[in-house]
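The values are calculated or read from the model by the stated rules, or taken from the named source; none is laboratory data. In this text the structure is predicted, and so the values were computed from the model without any measurement. Cβ placement follows ideal geometry from the backbone for every residue including glycine, while neighbour counts extend to all protein chains displayed.
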Amino acid sequence: MSYPRIRLALAMSVALFAAGASNEPNSQPNPYKTIAGWYHLPDGRTMGSSSAVDIDSKGHIWIAERCGKNSCEGSTVDPILEFDASGKLLKSFGSGMFIFPHGICIDKQDNIWITDGQGKDGIGHQAIKFSPEGKVLMRLGKAGVAGSAEGEFVAPNDVAIAPNGDIFVSEGHGGKVTNNRIQKFDKNGKFIMMWGKTGTGPSEFDQPHSLVFDSKGRLLVADRNNNRIQFFDQDGKFLQEWSQFSRPSGLFIDRHEMLYVADSESGSVTKNHPGWKRGIRIGTMKDGTVTAFIPDPDENAKGTSAAEGVAVDAQGNVYGAEVGPKDVKKYVKK
(Lines give C-alpha, C1' and ligand atoms only; values in the text may rest on other atoms or scores of the structure.)
Protein backbone atom coordinates (compact mmCIF):
# COMPACT_ATOMS: atom_id res chain seq x y z
CA MET A 1 0.00 0.00 0.00
CA SER A 2 1.36 3.46 -0.89
CA TYR A 3 2.01 6.10 1.77
CA PRO A 4 -0.93 8.30 0.66
CA ARG A 5 -3.26 5.30 0.95
CA ILE A 6 -1.86 4.46 4.39
CA ARG A 7 -2.46 8.04 5.56
CA LEU A 8 -5.99 7.95 4.15
CA ALA A 9 -6.77 4.64 5.88
CA LEU A 10 -5.44 5.94 9.20
CA ALA A 11 -7.46 9.14 8.86
CA MET A 12 -10.63 7.16 8.18
CA SER A 13 -9.98 4.90 11.18
CA VAL A 14 -9.47 7.90 13.48
CA ALA A 15 -12.64 9.54 12.18
CA LEU A 16 -14.72 6.41 12.73
CA PHE A 17 -13.29 5.92 16.22
CA ALA A 18 -14.08 9.53 17.11
CA ALA A 19 -17.65 9.09 15.91
CA GLY A 20 -18.08 5.90 17.92
CA ALA A 21 -18.73 3.92 14.75
CA SER A 22 -17.24 0.58 13.79
CA ASN A 23 -17.68 -2.28 11.37
CA GLU A 24 -16.29 -4.84 13.85
CA PRO A 25 -18.88 -7.58 14.44
CA ASN A 26 -21.20 -7.03 17.43
CA SER A 27 -19.22 -4.00 18.68
CA GLN A 28 -21.74 -1.21 18.20
CA PRO A 29 -23.87 0.27 21.02
CA ASN A 30 -27.57 -0.41 21.42
CA PRO A 31 -29.38 2.95 21.81
CA TYR A 32 -32.84 1.32 21.87
CA LYS A 33 -35.16 -0.21 24.44
CA THR A 34 -37.56 -3.01 23.57
CA ILE A 35 -41.34 -2.59 23.68
CA ALA A 36 -43.15 -5.92 23.67
CA GLY A 37 -46.93 -6.21 23.43
CA TRP A 38 -47.35 -2.83 21.74
CA TYR A 39 -50.10 -4.13 19.41
CA HIS A 40 -53.60 -5.29 20.36
CA LEU A 41 -55.27 -8.31 18.79
CA PRO A 42 -58.88 -9.46 19.27
CA ASP A 43 -59.56 -11.85 22.15
CA GLY A 44 -58.43 -15.35 21.28
CA ARG A 45 -56.19 -14.21 18.43
CA THR A 46 -52.42 -14.61 18.66
CA MET A 47 -49.62 -13.37 16.42
CA GLY A 48 -48.07 -16.00 14.19
CA SER A 49 -44.62 -16.17 12.67
CA SER A 50 -43.81 -13.11 10.59
CA SER A 51 -41.00 -11.93 8.37
CA ALA A 52 -43.08 -9.10 6.88
CA VAL A 53 -43.54 -5.62 8.36
CA ASP A 54 -43.73 -2.23 6.63
CA ILE A 55 -44.99 1.33 7.21
CA ASP A 56 -47.46 3.26 5.01
CA SER A 57 -47.66 7.01 4.36
CA LYS A 58 -49.98 7.51 7.37
CA GLY A 59 -47.50 5.90 9.73
CA HIS A 60 -49.62 2.76 10.05
CA ILE A 61 -47.81 -0.52 10.62
CA TRP A 62 -48.68 -3.40 8.28
CA ILE A 63 -47.81 -6.97 9.21
CA ALA A 64 -48.25 -10.17 7.24
CA GLU A 65 -48.22 -13.07 9.69
CA ARG A 66 -48.83 -16.79 9.33
CA CYS A 67 -52.30 -17.14 10.84
CA GLY A 68 -51.23 -17.59 14.46
CA LYS A 69 -48.84 -20.41 13.49
CA ASN A 70 -46.05 -20.75 10.94
CA SER A 71 -48.42 -21.54 8.07
CA CYS A 72 -51.80 -20.36 6.84
CA GLU A 73 -52.66 -23.68 5.19
CA GLY A 74 -56.29 -24.53 5.99
CA SER A 75 -56.75 -21.43 8.17
CA THR A 76 -59.68 -18.99 8.03
CA VAL A 77 -57.69 -16.26 9.82
CA ASP A 78 -56.81 -12.98 8.07
CA PRO A 79 -52.99 -12.84 7.84
CA ILE A 80 -52.64 -9.20 6.69
CA LEU A 81 -53.00 -6.74 9.56
CA GLU A 82 -53.02 -2.93 9.71
CA PHE A 83 -52.25 -1.20 13.03
CA ASP A 84 -52.13 2.48 13.90
CA ALA A 85 -49.20 3.95 15.82
CA SER A 86 -50.86 3.13 19.16
CA GLY A 87 -51.12 -0.55 18.25
CA LYS A 88 -54.86 -0.53 17.55
CA LEU A 89 -55.89 -3.03 14.89
CA LEU A 90 -57.59 -1.10 12.10
CA LYS A 91 -58.12 -3.72 9.43
CA SER A 92 -57.35 -7.30 8.42
CA PHE A 93 -57.85 -9.31 5.25
CA GLY A 94 -56.45 -12.15 3.13
CA SER A 95 -58.17 -15.18 4.65
CA GLY A 96 -57.76 -18.31 2.54
CA MET A 97 -55.42 -16.61 0.07
CA PHE A 98 -52.00 -17.65 1.37
CA ILE A 99 -49.98 -20.65 2.45
CA PHE A 100 -46.83 -18.90 3.72
CA PRO A 101 -46.90 -15.07 3.75
CA HIS A 102 -43.27 -14.05 3.51
CA GLY A 103 -42.38 -10.60 2.14
CA ILE A 104 -44.14 -7.23 2.18
CA CYS A 105 -43.71 -3.98 0.26
CA ILE A 106 -45.87 -0.85 0.46
CA ASP A 107 -45.64 1.32 -2.65
CA LYS A 108 -46.04 5.08 -3.06
CA GLN A 109 -49.82 4.71 -3.43
CA ASP A 110 -49.99 2.69 -0.19
CA ASN A 111 -50.79 -0.49 -2.06
CA ILE A 112 -49.61 -3.60 -0.22
CA TRP A 113 -47.54 -6.28 -1.97
CA ILE A 114 -47.28 -9.69 -0.30
CA THR A 115 -45.27 -12.70 -1.45
CA ASP A 116 -46.36 -16.26 -0.71
CA GLY A 117 -43.28 -18.41 -0.26
CA GLN A 118 -44.97 -21.79 -0.54
CA GLY A 119 -47.70 -23.31 -2.71
CA LYS A 120 -50.40 -25.96 -2.54
CA ASP A 121 -53.85 -26.67 -4.00
CA GLY A 122 -53.91 -23.65 -6.31
CA ILE A 123 -52.57 -21.19 -3.73
CA GLY A 124 -49.10 -19.70 -3.35
CA HIS A 125 -45.82 -19.06 -5.23
CA GLN A 126 -47.14 -15.60 -6.11
CA ALA A 127 -46.66 -11.91 -5.43
CA ILE A 128 -50.05 -10.27 -4.85
CA LYS A 129 -50.80 -6.54 -4.93
CA PHE A 130 -53.65 -5.30 -2.71
CA SER A 131 -55.27 -1.91 -2.35
CA PRO A 132 -55.25 -0.53 1.21
CA GLU A 133 -58.84 -1.79 1.46
CA GLY A 134 -57.82 -5.34 0.59
CA LYS A 135 -58.88 -5.50 -3.06
CA VAL A 136 -56.62 -7.63 -5.26
CA LEU A 137 -55.10 -5.39 -7.94
CA MET A 138 -52.48 -7.67 -9.50
CA ARG A 139 -51.04 -11.17 -9.27
CA LEU A 140 -47.60 -12.17 -10.46
CA GLY A 141 -46.73 -15.85 -10.83
CA LYS A 142 -49.03 -18.82 -11.33
CA ALA A 143 -51.21 -19.68 -8.35
CA GLY A 144 -49.93 -22.80 -6.62
CA VAL A 145 -47.39 -23.53 -9.36
CA ALA A 146 -43.64 -23.65 -8.69
CA GLY A 147 -42.02 -22.86 -12.02
CA SER A 148 -38.80 -21.61 -13.59
CA ALA A 149 -40.14 -19.99 -16.77
CA GLU A 150 -40.45 -16.24 -17.23
CA GLY A 151 -43.05 -14.88 -14.84
CA GLU A 152 -43.12 -18.04 -12.71
CA PHE A 153 -41.74 -18.31 -9.18
CA VAL A 154 -40.39 -20.87 -6.78
CA ALA A 155 -40.68 -19.53 -3.23
CA PRO A 156 -40.80 -15.77 -3.96
CA ASN A 157 -39.23 -13.88 -1.07
CA ASP A 158 -39.85 -10.16 -1.52
CA VAL A 159 -40.97 -7.31 -3.78
CA ALA A 160 -39.44 -3.88 -4.37
CA ILE A 161 -40.91 -1.11 -6.54
CA ALA A 162 -38.54 1.11 -8.53
CA PRO A 163 -39.13 4.89 -8.73
CA ASN A 164 -40.66 4.46 -12.24
CA GLY A 165 -43.04 1.75 -11.02
CA ASP A 166 -41.13 -1.29 -12.30
CA ILE A 167 -41.59 -4.33 -10.09
CA PHE A 168 -38.73 -6.50 -8.83
CA VAL A 169 -39.32 -9.89 -7.22
CA SER A 170 -36.67 -12.11 -5.61
CA GLU A 171 -37.08 -15.86 -5.33
CA GLY A 172 -35.18 -18.70 -3.75
CA HIS A 173 -35.67 -19.93 -0.19
CA GLY A 174 -33.74 -23.18 -0.11
CA GLY A 175 -35.02 -26.64 -0.93
CA LYS A 176 -34.00 -29.10 -3.62
CA VAL A 177 -35.74 -27.16 -6.41
CA THR A 178 -35.50 -23.38 -6.33
CA ASN A 179 -34.70 -20.31 -8.43
CA ASN A 180 -32.08 -18.03 -6.93
CA ARG A 181 -32.80 -15.02 -9.12
CA ILE A 182 -34.46 -11.62 -9.53
CA GLN A 183 -37.30 -11.00 -11.99
CA LYS A 184 -38.24 -7.55 -13.28
CA PHE A 185 -41.70 -6.52 -14.53
CA ASP A 186 -43.14 -3.23 -15.70
CA LYS A 187 -45.78 -1.40 -13.66
CA ASN A 188 -48.52 -3.37 -15.42
CA GLY A 189 -46.94 -6.74 -14.61
CA LYS A 190 -45.38 -7.43 -18.00
CA PHE A 191 -42.16 -9.43 -17.76
CA ILE A 192 -39.01 -7.48 -18.72
CA MET A 193 -35.96 -9.50 -17.66
CA MET A 194 -34.39 -11.68 -15.02
CA TRP A 195 -30.92 -12.38 -13.70
CA GLY A 196 -29.09 -14.55 -11.20
CA LYS A 197 -28.42 -18.19 -10.44
CA THR A 198 -27.31 -20.26 -7.48
CA GLY A 199 -23.73 -19.46 -6.48
CA THR A 200 -21.40 -17.26 -4.48
CA GLY A 201 -20.03 -14.92 -7.15
CA PRO A 202 -21.26 -11.47 -8.20
CA SER A 203 -24.87 -11.62 -9.47
CA GLU A 204 -25.24 -15.11 -8.00
CA PHE A 205 -27.50 -15.80 -5.02
CA ASP A 206 -28.24 -18.20 -2.22
CA GLN A 207 -31.58 -17.08 -0.75
CA PRO A 208 -32.12 -13.47 -1.96
CA HIS A 209 -34.34 -12.88 1.03
CA SER A 210 -35.19 -9.17 0.96
CA LEU A 211 -35.12 -6.23 -1.48
CA VAL A 212 -35.01 -2.45 -1.11
CA PHE A 213 -34.20 0.55 -3.31
CA ASP A 214 -31.97 3.38 -2.08
CA SER A 215 -32.28 7.07 -2.99
CA LYS A 216 -29.91 6.57 -5.94
CA GLY A 217 -32.22 3.97 -7.48
CA ARG A 218 -29.90 1.07 -6.70
CA LEU A 219 -31.44 -2.26 -5.77
CA LEU A 220 -30.08 -3.84 -2.60
CA VAL A 221 -30.50 -7.60 -2.29
CA ALA A 222 -30.16 -9.43 1.03
CA ASP A 223 -28.20 -12.44 -0.23
CA ARG A 224 -28.76 -14.27 3.04
CA ASN A 225 -26.93 -17.56 2.77
CA ASN A 226 -23.93 -15.76 1.24
CA ASN A 227 -23.81 -13.38 4.25
CA ARG A 228 -23.82 -10.22 2.14
CA ILE A 229 -25.84 -7.45 0.54
CA GLN A 230 -25.44 -7.12 -3.22
CA PHE A 231 -26.06 -3.81 -5.05
CA PHE A 232 -27.41 -3.65 -8.63
CA ASP A 233 -28.60 -1.05 -11.08
CA GLN A 234 -32.11 -1.47 -12.46
CA ASP A 235 -30.83 -3.43 -15.47
CA GLY A 236 -29.31 -6.08 -13.22
CA LYS A 237 -25.71 -4.86 -13.43
CA PHE A 238 -23.70 -5.78 -10.33
CA LEU A 239 -22.26 -2.71 -8.59
CA GLN A 240 -20.80 -3.76 -5.23
CA GLU A 241 -21.39 -5.86 -2.13
CA TRP A 242 -21.33 -5.26 1.64
CA SER A 243 -20.67 -7.90 4.29
CA GLN A 244 -20.44 -5.66 7.39
CA PHE A 245 -24.18 -5.95 8.10
CA SER A 246 -23.84 -9.67 8.85
CA ARG A 247 -26.25 -12.34 7.55
CA PRO A 248 -29.15 -10.28 6.13
CA SER A 249 -32.73 -11.48 6.33
CA GLY A 250 -34.51 -8.08 6.18
CA LEU A 251 -33.64 -4.66 4.76
CA PHE A 252 -35.08 -1.18 5.28
CA ILE A 253 -33.78 2.31 4.41
CA ASP A 254 -35.30 5.29 6.22
CA ARG A 255 -35.69 8.89 5.03
CA HIS A 256 -32.32 9.80 6.58
CA GLU A 257 -30.54 7.22 4.41
CA MET A 258 -29.91 4.90 7.34
CA LEU A 259 -29.90 1.21 6.54
CA TYR A 260 -31.49 -1.30 8.93
CA VAL A 261 -30.57 -4.96 8.48
CA ALA A 262 -32.18 -7.83 10.38
CA ASP A 263 -30.04 -10.93 11.02
CA SER A 264 -32.13 -13.81 12.39
CA GLU A 265 -29.75 -16.71 11.75
CA SER A 266 -26.14 -16.00 12.75
CA GLY A 267 -24.45 -17.32 15.89
CA SER A 268 -26.00 -20.45 17.37
CA VAL A 269 -28.53 -20.89 14.55
CA THR A 270 -26.40 -21.24 11.41
CA LYS A 271 -22.93 -22.71 11.29
CA ASN A 272 -21.48 -20.84 8.29
CA HIS A 273 -21.11 -17.41 9.91
CA PRO A 274 -19.00 -17.72 13.07
CA GLY A 275 -18.28 -14.71 15.24
CA TRP A 276 -21.45 -12.80 14.37
CA LYS A 277 -24.47 -12.38 16.64
CA ARG A 278 -28.10 -12.10 15.59
CA GLY A 279 -29.93 -8.80 15.77
CA ILE A 280 -30.65 -5.59 13.88
CA ARG A 281 -27.66 -3.63 12.60
CA ILE A 282 -28.02 0.03 11.69
CA GLY A 283 -25.66 2.06 9.55
CA THR A 284 -25.34 4.85 7.04
CA MET A 285 -25.81 4.37 3.32
CA LYS A 286 -23.19 7.09 2.80
CA ASP A 287 -20.25 4.79 3.43
CA GLY A 288 -21.68 1.62 4.94
CA THR A 289 -20.44 2.25 8.47
CA VAL A 290 -22.43 0.32 11.09
CA THR A 291 -23.30 2.62 13.99
CA ALA A 292 -25.77 0.67 16.18
CA PHE A 293 -26.72 -2.92 16.98
CA ILE A 294 -29.90 -4.25 18.63
CA PRO A 295 -28.88 -7.77 19.73
CA ASP A 296 -31.07 -10.85 19.99
CA PRO A 297 -31.47 -11.43 23.75
CA ASP A 298 -31.45 -15.22 23.21
CA GLU A 299 -27.84 -16.03 22.38
CA ASN A 300 -28.42 -19.80 22.46
CA ALA A 301 -31.42 -20.12 20.14
CA LYS A 302 -31.29 -23.17 17.86
CA GLY A 303 -33.85 -21.95 15.31
CA THR A 304 -34.42 -18.62 13.57
CA SER A 305 -34.63 -15.99 16.29
CA ALA A 306 -35.12 -12.23 16.70
CA ALA A 307 -36.12 -10.03 13.76
CA GLU A 308 -36.29 -11.46 10.25
CA GLY A 309 -38.18 -8.49 8.79
CA VAL A 310 -37.58 -4.87 9.75
CA ALA A 311 -39.25 -1.48 9.23
CA VAL A 312 -38.88 2.03 10.67
CA ASP A 313 -41.51 4.73 11.11
CA ALA A 314 -41.09 8.49 10.69
CA GLN A 315 -40.35 8.90 14.42
CA GLY A 316 -37.44 6.48 14.18
CA ASN A 317 -39.15 3.60 15.97
CA VAL A 318 -37.91 0.22 14.72
CA TYR A 319 -40.19 -2.78 14.22
CA GLY A 320 -38.79 -6.31 14.02
CA ALA A 321 -40.95 -9.14 12.66
CA GLU A 322 -39.99 -12.47 14.21
CA VAL A 323 -40.51 -15.97 12.84
CA GLY A 324 -39.25 -18.08 15.77
CA PRO A 325 -40.76 -16.12 18.68
CA LYS A 326 -43.98 -15.43 16.68
CA ASP A 327 -43.97 -11.75 17.54
CA VAL A 328 -43.31 -8.23 16.26
CA LYS A 329 -41.17 -6.17 18.63
CA LYS A 330 -40.97 -2.37 18.75
CA TYR A 331 -37.70 -0.63 19.55
CA VAL A 332 -37.60 3.02 20.66
CA LYS A 333 -34.66 5.26 21.46
CA LYS A 334 -33.62 5.16 25.12
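Below, the figures for the structure above:
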| quantity | calculated |
| --- | --- |
| Pair list, Cβ < 8 Å and 6+ apart or interchain, from region 164-188 residues that are farther than 19 Å from Ile128 by Cα and among the aliphatic types (A, V, I, L, M) to residues that are in a loop (DSSP other than H, G, I, E, B) and at pLDDT 95 or above | Val177/Val154 |
| Residues located in region 290-308, provided they are in a loop (DSSP other than H, G, I, E, B) and either surrounded by fewer than 18 Cβ atoms within 10 Å (Cβ to Cβ) or without any contact (Cβ under 8 Å) to a residue 24 or more places away in the chain (or both) | Pro297, Asp298, Glu299, Asn300, Lys302, Gly303 |
| Residue check for Glu241: modelled with pLDDT of 95 or more and assigned to a strand (DSSP E or B) | yes |
| Index of the failed condition, Glu24 passing every other in (1) at pLDDT below 95; (2) in a strand (DSSP E or B) | (2) |
| Tally of residues being assigned to a strand (DSSP E or B) and over 13 Å from Gly196 (Cα atoms) across region 220-230 | 4 |
| Number of the condition not met by Ser86 [criteria: (1) within 21 Å of the chain's Cα centre (by Cα); (2) of a type in the set (Gly, Ala, Ser); (3) under 19 Å from Tyr319 (Cα atoms)] | (1) |
| So Lys58, is it of a type in the set (Lys, Arg), modelled with pLDDT of 95 or more, in a loop (DSSP other than H, G, I, E, B) and on the phi < 0 side of the Ramachandran plot | yes |
| Only one of Leu251, Leu220, Leu211 that is under 18 Å from Gln28 (Cβ atoms) and crowded, with 18+ Cβ neighbours inside 10 Å | Leu251 |
| Condition check for Gln230: under 20 Å from Ser215 (Cα atoms) and either buried (at least 21 other Cβ atoms within 10 Å of the Cβ) or in contact with a Gly (Cβ under 8 Å, 6 or more places away or on another chain) (or both) | yes |
| Tally, over region 41-74, of residues that are farther than 18 Å from Gly96 by Cβ, of a type in the set (Asp, Glu) and buried (at least 17 other Cβ atoms within 10 Å of the Cβ) | 2 |
| Positions within region 64-92 being small (Gly, Ala, Ser), part of a loop (DSSP other than H, G, I, E, B) and over 22 Å from Thr304 (Cα atoms), in sequence order | Gly74, Ser75, Ala85, Ser86, Gly87 |
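Yes/no per residue for (1) of a type in the set (Phe, Trp, Tyr); (2) closer than 17 Å to Ser50 by Cβ; (3) touching a Pro at 6+ places or on another chain (Cβ under 8 Å):
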{"site": "Ser264", "(1), (2), (3)": "no, yes, no"}
{"site": "Ser268", "(1), (2), (3)": "no, no, no"}
{"site": "Arg278", "(1), (2), (3)": "no, yes, yes"}
{"site": "Thr284", "(1), (2), (3)": "no, no, no"}
{"site": "Asp296", "(1), (2), (3)": "no, yes, no"}
{"site": "Asn300", "(1), (2), (3)": "no, no, no"}
{"site": "Gly303", "(1), (2), (3)": "no, yes, no"}
{"site": "Gly324", "(1), (2), (3)": "no, yes, no"}
{"site": "Tyr331", "(1), (2), (3)": "yes, yes, no"}
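Okay, residues lined up against (1) closer than 24 Å to Glu82 by Cβ; (2) in a loop (DSSP other than H, G, I, E, B); (3) not basic (Lys, Arg):
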position: Gly144; (1), (2), (3): no, yes, yes
position: Ala160; (1), (2), (3): yes, no, yes
position: Pro163; (1), (2), (3): no, yes, yes
position: Val177; (1), (2), (3): no, yes, yes
position: Met194; (1), (2), (3): no, no, yes
position: Thr200; (1), (2), (3): no, yes, yes
